[in-house]
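The values are calculated or read from the model by the stated rules, or taken from the named source; none is laboratory data. None of these values were measured; they are calculated from a predicted model. Quick reminder, even Gly has a Cβ in these numbers, built from the backbone with ideal geometry, and neighbours come from all protein chains shown. Ligands, DNA and RNA are stripped out before the accessible areas are found, and what is left, the full protein with its side chains, is counted by its heavy atoms. Shrake-Rupley method; radii C 1.70, N 1.55, O 1.52, S 1.80 Å.
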Amino acid sequence: MKAYIRSSACISAQNTFNQQGFLDDIVEYNGTRLPVIEPDYKEFIDPKLIRRMSSVVKRGVAAAKQCLTNAGIEMPDAIITGTALGCLEDTVTFLTRLIELNEEMLPPTAFIQSTHNTVAAQVALMLQCHGYNSTFVHKGISFESALLDALMLLNEKEAETVLVGGTEETVDASFKVLTRLGLYRRRSVSNLSLFEAEAKGTINGEGAAFFLLTDKPSADNLAELAGIKILYRADDIEKEIIGFLAEHSLQTEDIDLVVTGRNGDIRNDAAYQHLNSGIFKENAIANYKHLCGEYPVSSSFALWLASNILTKGIVPEVVFERKKSSLSPKKILIHNHYFNKYHSLMLVSAV
């Protein structure tokens, strides 16, 4: 199964939203949590509705609308999103009021908007889209599951255009809990020097990225999503990667750039370092989580990065771990894992 990426839009900790440049104005942060650079939501959402929307909903709606604008399409045939933690802000608000008000006379708004499918539902409501609408909640492979569903819809001719997105937000409560569990570092670090010192833990991130997928080839497409594979607790990831490439009649030397999910946590990065010195020892290597932070659907940022690299023909210097001379990639492999349990592989090619 394959599909074409007609357009994309990304809201992140970098200047990625509706920008003319391509990661040429990098923002440096010192801390353990990367905030999102918020766009002017009044351009996309009625101001009367904004005040009732949580951060993740506003980001999702804005990214989805900008993605459609970039594609020149008003109405997709289907809307699919992926999120691991959903609308945390509204969830925390509802649970807090539940305790404060002794479970009596609770305002319903926070509860209504706390469900994981709120972003996909809000996008559909604002577009008046009555087509297929689904949200996947599968921890570290939520976004990849949404992509896989979109590919099946296109392959089965159930849709011609599918709007696919990955959204995630961080609130103080979730950040504190995940820091205590060891996911994030306790000492401040510059995101641009994240990989320089080995340590346990990484930096937190959040964001929203949307893509319009189609089964129609066109000169206007950004890239081709040639294949995707999801793995759980892969015993031999090298074998899985080689097998995945073989399914597409490729070998590792055919891959121009490998984008990894390295995040600066020595426990997380061991798997990538093993591959980079093994089957990928001759490949150019790029990383992205020092730009957007670690969050369950960060692979959506990686896909945005890869599709823009292919359509612009350049690789931003800031993402390189290992560079090859005069590189203008035609085939990019994205490998990401979350807690070394949920692995995903995405093969993206130039059109």
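Of note:
- Cut-off of 10 Å, at most 15 other beta carbons, DSSP loop: longest stretch of the chain lacking such GluC sites (Glu not before Pro): 199-281
- Sorted largest first, the principal axis extents computed over the alpha-carbon atoms of region 1-126 equal 51, 42, 35 Å.
- The convex hull of the Cα atoms of region 209-282, projected and averaged over all directions, covers 6.8 nm².
- For region 25-54 versus region 84-144, the gap between their alpha-carbon centres in whole angstrom: 18 Å
- Using every pair of separate Cα atoms, the Kirkwood estimate puts the hydrodynamic radius of region 203-341 at 15.7 angstrom.
- Stokes-Einstein diffusion for region 38-100, with the hydrodynamic radius set to the Kirkwood value over Cα pairs and evaluated at 20 °C in a medium of 1.002 mPa s, equals 158 µm²/s.
- Region 79-209 - Rg over Rh from alpha carbon coordinates, Kirkwood radius: 1.06
- Calculated mean residue ellipticity at 222 nm for the chain: -9500 deg cm²/dmol, from DSSP H runs with n ≥ 4 weighted as -39500 (n - 2.57), summed, divided by the residue count and rounded to 500.
- Cα point-scatterer Debye curve for region 141-212, base-10 log of I(q)/I(0) at q = 0.12, 0.13, 0.18, 0.26 Å⁻¹: -0.53, -0.59, -0.81, -1.14
- Within the listed set Gly166, Gly205, Gly313, the residue fluctuating most in the Gaussian network model of the chain (springs between alpha-carbon atoms under 10 angstrom) is Gly313.
- For Asn276, net neighbour charge (Lys/Arg +1, Asp/Glu -1) across residues whose Cβ lies under 12 Å away: -1
- For the chain: Kirkwood Rh in Å [reciprocal of mean 1/r, alpha carbons]: 20.4 Å
- Met75, Met126, Met346, reordered so the largest accessible area comes first (probe 1.4 Å): Met75, Met126, Met346
- Summed over all non-identical Cα pairs, the Kirkwood treatment of region 173-253 gives a radius of 17.3 Å.
- Zone of Leu327's modelled label, taken as backbone nitrogen in region 234-276 under 17 Å from a point 7 Å along Cα→Cβ: 252-263, 272-276
- Largest-first ordering by accessible area, 1.4 Å probe, given options Ser174, Ser328: Ser328, Ser174
- The loop-placed trypsin sites (Lys or Arg not before Pro) in region 31-114, going by DSSP, that have at most 16 neighbouring Cβ atoms within 10 Å of their Cβ come out as Arg51, Arg52.
- Partners for Lys229 among aspartates and glutamates (Cα-Cα distance below 14 Å; same-chain residues under 8 apart left out): Glu144, Asp149, Glu238, Glu240, Glu247
- If a spin label sat at a point 7 angstrom from the Cα of Arg52 along the line to its beta carbon, the backbone N atoms of region 75-113 nearer than 13 Å would be those of 108-113.
- Based on alpha-carbon atoms, the Kirkwood radius and the radius of gyration of region 297-351 give Rg/Rh equal to 0.98.
- Here the gap between Thr69 and Phe320, fully extended at 0.36 nm per residue and compared with their Cα-Cα distance, gives a gain of 87.3 nm.
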